[in-house]
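The structure appears below as structure tokens.
The values are calculated or read from the model by the stated rules, or taken from the named source; none is laboratory data. Computed from a predicted structure; not experimentally measured. Note: ideal-geometry Cβ built from the backbone for every residue, glycine included; neighbour counts use all protein chains shown. Just so you know, the surface numbers come from the protein's heavy atoms only, side chains and all, with ligands and any DNA or RNA stripped out. Shrake-Rupley method; radii C 1.70, N 1.55, O 1.52, S 1.80 Å.
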Amino acid sequence: MIISFSTNTNFSRIKLHELSKRGLKEMDRITSYENYREAWNNSHENSQDYWRRIAETYQWSRPFDSISSGDFSDLEIKWFEGGQTNITTNCLDRHLKHSANKKALIWEPNSPDEESITLTYQELHAEVCRFSNVLKEHGIKKGDRVCFYMSMVPELLTGVLACARIGAIHSVVFGGFSAQALAGRIIDCEAVMVITNDEAYRGAKTIPLKEITDLALETCPSVKTVLVRERTGSSINYKEGRDHKLMPLLKAANSKCPPEAMNSEDPLFILYTSGSTGKPKGLLHTTAGYMIWAAETFKQVFQMQNDDLYWCTADIGWITGHSYITYGPLLNGQTTMMFEGTPTYPDAGRFWDIVDKYEVTHFYTAPTAIRALQACGPEHVRSKSLKSLKVLGSVGEPINDEAWQWYNKEVGKERCPIVDTWWQTETGGIMISSLAGVTESIPTYATLPLPGVKPLLVDSDANIQDSKSAEGNLCIASPWPGMARTIWGDHERYRQTYFSTYPGKYFTGDGAKRDEKGNYRITGRVDDVINVSGHRIGTAEVEDAINEHPAVVESAVVGYPHPIKGQGIYAFIISSAQDEEIMAKELNSLITKIIGPIAKPDKVQIAAALPKTRSGKIMRRILRKIAAGEIDTLGDISTLLNPEAVDQIIKQTASIKE
Ligand code: WTA
């Protein structure tokens, strides 16, 4: 089924000639499919001109001399060289002339009984400047790394922007990671400051963030200062000389702070993500290219009007929260919402209560949240109005047809286009998506590449699949402004990870299909990365954690289809232990300690042996099939070193199920 929203009256289509009266910025808004095609062609045929025109609509303290240089062979990729800007000037100062009193940020707390906070552009500007001055007073200067380990409080957003304002590099670590995982990231980027909460509220629970930070800092000599944003008021330790309460410092700080002039390729932030091998990688995004990409993709995909209200339910600890809670909406002068709580607290109607309370028009969430809410029953959503909604977005994992239909019918009431946005931490912003109300939304398809993005499908022998409809591993043909420039401290790993499988191309790690009309459907990871509830988890990382258990000899971790999480984690282990239940409990607490609760296995199976190739490699493909219950399609196992291991595991799995 293809749903076309071209007659949707919610979208006041603005004609190009009308737009031109409002200046260059608006003129670049794509307003029809033909317009999209033209922009896409233009972005490739006249790439330099295309990006120059867009970049010129932003504020630069020194104009750029060139548009782009470098390619996927030299990996010296640079955009807008010679230019100087500051992303916060473009997020904040630029809007003060016409929109000082427009709402910039609405913050909704964990509990619906607590007061929300609204900041206008003027107020947000002042808060960011105050925070910038606090950072400076504590010795933070351009190029220093500042780590955020916080819940979704307004100071996470203002703190990130404050770093950007003074040229410090922010690195946000999601509050669900363990002390050890936090320490690993702090050590890798040699952060000099950590900003945290006393505790975080998360639904009915609290998370002791400061206590976890203290534990992490036992092994992090680079950290000189810790700022604590009190939230729950619980009694916590303050280490003399190192730890300070953030709120009194902000209150006393000056509300003016000039922006640091940043070169286009100066680092903006580091964000860690899991890959198929080794420890998490710190992807580095730089100033101008990321800025243009976050702004431009937000504008084209969401197609917001001036009075609309946008809400992305992600956490700022992930890339979605960087690009589409913080930078993208503010660069476009829109109102962004930030939510501290969870979708099911106090009940499964919370998201919809918030939509009605603020009259949210653009709502962006992950399929896992949609499936979880769907499972709670329709009454939570049907009892709400939701009439303010105009556009729905999906991100983080493939959206299955059932979830797509439910989202469309129960939430969007079949009148809101759904933008299924495919992208990655590495890409900086959306790469493949429909444009709301402008190009078609197709269930389970991310659909079309944005201008500047040339996807390629290749087979395992690196042959490009040229036919219109095709299937293969998803690569990108040429650099785009928002791409990560390197892995912090390890450019060679960057090359190995993304550019060595298919030389001259960026390999995404995802598989995809293309239909006759050029629409892309992402089928999921083709490497050893599992996508659990929209979170990327490297199987190698989980295995390393499991192998630290003294009773574990060997382990293999694979993903399997999970009705709510998208994928679950299945751990096969060889162990001297006999009791699977006890082992599962022990491994859960071990993994919680080493990585964090998000990486806990859903199933643990003690196997007699793991299927291996003759060269001794574990055959994960077979384990994946067994975990998914697809034992009829295992293929030829006779060439294995130990084919009997497969039978044993299958028999055991069957007896577990009984
Ligand atoms: C997956 C999140 C299908 C994909 C923005 C990708 C998706 C990984 C989609 C990146 C989508 C993200 N459809 N799959 N719309 N969006 N993915 O770095 O496997 O946390 O490689 O970035 O999520 O996850 P990351």
Name the residue that is nearest to the ligand (Cβ to nearest atom), counting only residues in segment 311-320 that are open to solvent by 20 Å² or more (accessible area, probe 1.4 Å) and hydrophobic (A, V, I, L, M, F, W, C).
TRP318
Counting only residues that are more than 18 Å from LYS78 (Cβ to Cβ) and either touching a Phe, Trp or Tyr at 6+ places or on another chain (Cβ under 6 Å) or free of Cβ contacts under 8 Å to residues at least 12 places away in the same chain (or both), how many does segment 44-66 have?
2
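Give the number of residues within segment 591-616 that are farther than 15 Å from ALA654 by Cα and more than 32 Å from the chain's Cα centre (by Cα). Break it down stepwise before answering.
Filtering segment 591-616 down to residues farther than 15 Å from ALA654 by Cα leaves 591-602, 609-616.
Adding the requirement that they be more than 32 Å from the chain's Cα centre (by Cα) leaves 609-616.
Summing the residues that are farther than 15 Å from ALA654 by Cα and more than 32 Å from the chain's Cα centre (by Cα) in segment 591-616 gives 8.
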Quick one: in segment 525-535, which of the residues that are more than 8 Å from the ligand (Cβ to nearest atom) and part of a strand (DSSP E or B) is surrounded by the most Cβ atoms within 10 Å (Cβ to Cβ)?
ILE530
Determine if segment 303-310 includes at least one residue that is outside any loop (DSSP other than H, G, I, E, B), closer than 30 Å to PRO417 by Cα, away from the ligand (no atom under 13 Å from the Cβ) and touching a helix residue (DSSP H, G or I) at 6+ places or on another chain (Cβ under 8 Å).
yes
When GLY412 is run through (1) in contact with a Leu (Cβ under 9 Å, 6 or more places away or on another chain); (2) open to solvent by less than 10 Å² (accessible area, probe 1.4 Å); (3) within 16 Å of the ligand (Cβ to nearest atom), the failure sits at (3)
Look at segment 152-203 and say how many of its residues are assigned to a loop (DSSP other than H, G, I, E, B) and within 19 Å of LYS136 (Cα to Cα).
5
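Is it true that PRO343 is more than 15 Å from the ligand (Cβ to nearest atom), at pLDDT 95 or above and either part of a loop (DSSP other than H, G, I, E, B) or open to solvent by 10 Å² or more (accessible area, probe 1.4 Å) (or both)?
yes
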Can you name the residue in segment 506-524 that is basic (Lys, Arg) and surrounded by 20 or more Cβ atoms within 10 Å (Cβ to Cβ) and is also nearest to the ligand (Cβ to nearest atom) among such residues?
ARG521
Exclusive hit being assigned by TED's automatic domain parsing to the domain that holds ASN519 and within 15 Å of the ligand (Cβ to nearest atom), set ILE432, ILE399:
ILE432
In the set PRO550, PRO563, which member is open to solvent by 30 Å² or more (accessible area, probe 1.4 Å), under 30 Å from GLU586 (Cα atoms) and within 25 Å of the chain's Cα centre (by Cα)?
PRO563
If ARG624 satisfies every condition in (1) open to solvent by less than 20 Å² (accessible area, probe 1.4 Å); (2) within 14 Å of THR653 (Cβ to Cβ); (3) within 26 Å of the chain's Cα centre (by Cα) but one, which is the exception?
(1)
Restricting the first residue to segment 429-449 and requiring it to be of a type in the set (Gly, Ala, Ser), which pairs with a second residue that is open to solvent by 10 Å² or more (accessible area, probe 1.4 Å) and away from the ligand (no atom under 12 Å from the Cβ) meet a Cβ separation below 6 Å and a spacing of at least six or different chains?
ALA436/GLN303; GLY437/PHE5; GLY437/ASN8; GLY437/PHE11; GLY437/GLN303; SER441/ILE3
Residues that are of a type in the set (S, T, N, Q) and within 13 Å of the ligand (Cβ to nearest atom): does segment 474-481 have at least one?
no
Subset of segment 157-201, residues charged (D, E, K, R) and open to solvent by 10 Å² or more (accessible area, probe 1.4 Å), comes to ARG185, ASP188, GLU190, GLU199
Residues that are at pLDDT below 95, hydroxyl-bearing (Ser, Thr, Tyr) and under 28 Å from ASN306 (Cβ atoms), at least 2 per element: which helices (runs of 4 or more DSSP H) completely within segment 18-136 meet that?
none
For strands (runs of 3 or more DSSP E) lying entirely in segment 207-274, having 3 or more residues that are crowded, with 19+ Cβ neighbours inside 10 Å and modelled with pLDDT of 95 or more picks out 225-229, 267-273
Could you identify the single residue in THR365, THR421 that is under 23 Å from the mean Cα position of the chain (by Cα), touching a residue at least 40 places away in the same chain (Cβ under 8 Å) and over 18 Å from ILE564 (Cα atoms)?
THR421
Subset of segment 486-500 (residues that are open to solvent by 30 Å² or more (accessible area, probe 1.4 Å) and within 14 Å of the ligand (Cβ to nearest atom))
THR497
Kindly indicate which of LYS279, LYS357, LYS299 is in a loop (DSSP other than H, G, I, E, B) and either closer than 30 Å to ILE67 by Cα or out of contact with any Phe, Trp or Tyr (no Cβ under 6 Å at 6 or more places or on another chain) (or both).
LYS279
